[in-house]
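For reference, the structure discussed in these notes is given below.
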Amino acid sequence: MSDLQSFREAVEAFISARGWTATRFGRQMAGDPLFVFDLREGREPRSDTRSRILKAMQDQAEAPAAAPLRIGVAGLGNVGATLVRILQKDGAELTRKIGRAVVVTAVSARSRSRDRGIDATSVEWFDDPVALAKSENIDLFVELMGGEDGPALASVRAALEIGRPVVTANKALLARHGVALARLAEENNAQLGFEAAVAGGIPVIKTLREGLGSARIARVYGIMNGTCNYILTRMGNEGIGFAECLADAQKLGYAEADPTFDVGGFDTAHKLAILASLCFGCEIAPDEIFVEGITKISQADIKVAGDLGYKIKLLGIAQRSADGIEQRVHPTLVPKTSAIAGVDGVLNAVALETDHVHELLLAGPGAGGPPTASSVLSDILDIARGTRVPPLGVPSQELTPYKQAPMKAHEGGYYIRLNAKDVPGAFAAIASRMGAAGISLESVIQRPDLRVTDAASDVSIRTIVLLTHSTMEQSVREALALIAADGFIVGEPQLIRIEGL
């Protein structure tokens, strides 16, 4: 066998034994990512090059193995148990990918006896997650307990204060304390990863922190709660009401016994606050968000929206304006032809509008054990590789104070559904109030199929739907208040924003 042939076989054996890619070998051993590809196509490197690479391969083989990365996991619910299973099952493959083992050495959970489908015989148990976070037997602390305060906050702080890296999926914690935790991480030279905190398995945090370069983001919006998306999708596809869809979501485990946090829009608001900070370089401001949930969406709204070429989605939207940053969470009419209208069921999607790539849509599973655990693992592997980025994209001292743009300054189109008394002068009064407020109507639709009766007065009621041209929200709300005071409508008007996507 020739020296060249022997060299080629040695290179291939090295790559196979370590699970390396040809590109990695070329970059690390030869200083040329295309080296192996050229070698396979018949390139004959010089003898001194072969000698240098053989020496590098020998040194690599003789180098001591990197110490394992020891993980402590606090919280063994669906996500935590899934993460442990993945690390135990795929340990060898992960070692080949990053050059060191990643092992769970300690855990903390409420119950030690519960069967979670994991092998916990060789791990150290802690009743106190703070003690786990401080343990000398771990190198990285993973917080999967949830909650914006209490043990979650105390344990994350404890780890960061001693310079220990932290990975968390806790959006409530980050929305409330993210800036302070980012500052604490930077002061102690510790990494803080939270890919799983927003949109589950979708890598939106990594995209914002590392993937967009100098692109300036003008707007971020998306579907960020799988429970709400599931309910609205079923209401649209099957013609059933909100309450029935919610009950089914609870049976399937998509919604909690108390679903307020999800269907009220607060879960989406927490995620939006984190995204806004990353997008606009501002402090996190969860209390400065207009929040409106989906509990008032009816089959009448779903039906009319569909007939007009729209779907209703609960969107979180943050955008720059001359007045500051506008953050809002609310049901939205989106054109059926838009990409985000096709994101149904429990899926999530986040869209980024930038000056470089115009619009980028990231979509995928937004919750559940495997997708969320996958995002947690992504952060763990980045830390194992030594990747370092500021937690909020820029150093915390460079974050600008959050300046809220008034919600009532929002300008756009609106869907308005009114139940008006079928009496002389009613429609004229409604149109007059709209005109006086300077609101231009794109269309006025009467829906005989949605006619109801006012039980209190036995007056026939007709359903009227108004679609406005782009106008100011403050004007719409003032006009609706006057229309209600005139006494020609029954119940509260339904107001849904129409978003240009």
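No lab work stands behind these numbers, since they all come straight from the coordinates. Given the structure is predicted, the values throughout are model-derived calculations rather than measurements. Please note: Cβ atoms are built from the backbone with ideal geometry, for glycine as well, and neighbour counts cover all protein chains shown.
Numbers at a glance
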| read-out | value |
| --- | --- |
| Cα-based helix-to-principal-axis angle, 171-187 vs the chain, degrees rounded to 10 | 40 |
| Three-way shape label, region 351-398, alpha-carbon gyration tensor, a/c 1.5 | oblate |
| Filtered GluC sites (Glu not before Pro), region 104-148: DSSP coil and at most 12 other beta carbons within 10 Å | E136 |
| Full-stretch length increase - A180, A13 - with 0.36 nm per residue and alpha-carbon distance subtracted | 55.2 nm |
| Isotropically averaged projected area of region 69-168, using the convex hull of Cα atoms (one quarter of hull area), nm² | 6.1 |
| Convex hull of Cα atoms in the chain, direction-averaged projection (nm²) | 29.4 |
| Relative contact order (%) - region 229-373, alpha-carbon pairs under 8 angstrom, separation at least six | 21 |
| Inter-site label distance for E442 and R43 at 7 Å from Cα along Cβ, in nm | 5.7 |
| Partners for K421 among lysines (Cα-Cα distance below 24 Å; same-chain residues under 8 apart left out) | K296, K303 |
| At most 15 other Cβ within 10 Å, DSSP loop - chymotrypsin sites (Phe, Trp or Tyr not before Pro), region 175-261 | none |
| DSSP beta bridges in the chain [antiparallel fraction, %, rounded to 5] | 70 |
| Over the chain: helical MRE at 222 nm, DSSP H runs n ≥ 4 each giving -39500 (n - 2.57), nearest 500 | -11500 deg cm²/dmol |
| Counting all C-alpha pairs of region 3-62, share separated by more than 17 Å (%) | 26 |
| Helix 3-18 axis, angle to the chain major axis (alpha carbon atoms, nearest 10°) | 50 |
| Selection from G31, A17, I53 lying farthest towards where the dipole of region 3-62 points positive, charges on Cβ | G31 |
| In sequence order, calculated HN-Hα J values of region 228-242 (Karplus, 6.51, -1.76, 1.60; Hz; x Gly/Pro) | 5, 5, 4, 5, 5, 5, 5, 4, x, 7, 10, x, 10, x, 4 |
| Angle between the chain longest axis and helix 150-161 axis [Cα atoms, degrees, rounded to 10] | 40 |
| From phi via Karplus (6.51, -1.76, 1.60), per-residue ³J(HN,Hα) for region 24-30 in Hz, x at Gly/Pro | 5, 4, x, 5, 7, 9, 10 |
| For region 410-498, Kirkwood radius (reciprocal of mean inverse C-alpha pair distance, Å) | 13.1 |
| Computed over the chain: relative contact order in percent, which uses C-alpha pairs under 8 Å that are six or more apart | 13 |
| Enclosed volume per residue, in Å³, of the convex hull spanned by Cα atoms of region 283-374 | 165 |
| Inter-probe distance in nm under a simple model that places probes 7 Å from Cα toward Cβ, at A63 and D248 | 5.5 |
| Those lysines that a straight Cα-Cα span of less than 18 Å connects to K206, excepting residues fewer than 8 apart in one chain | K171, K271 |
| Amide H within-cut-off set for A218, under 5 Å, with H built and near neighbours excluded | E353, T354, D355 |
| Spin-label zone in region 242-279 - amide nitrogen under 17 Å from a point set 7 Å from the Cα of S111 along the C-beta vector | 257 |
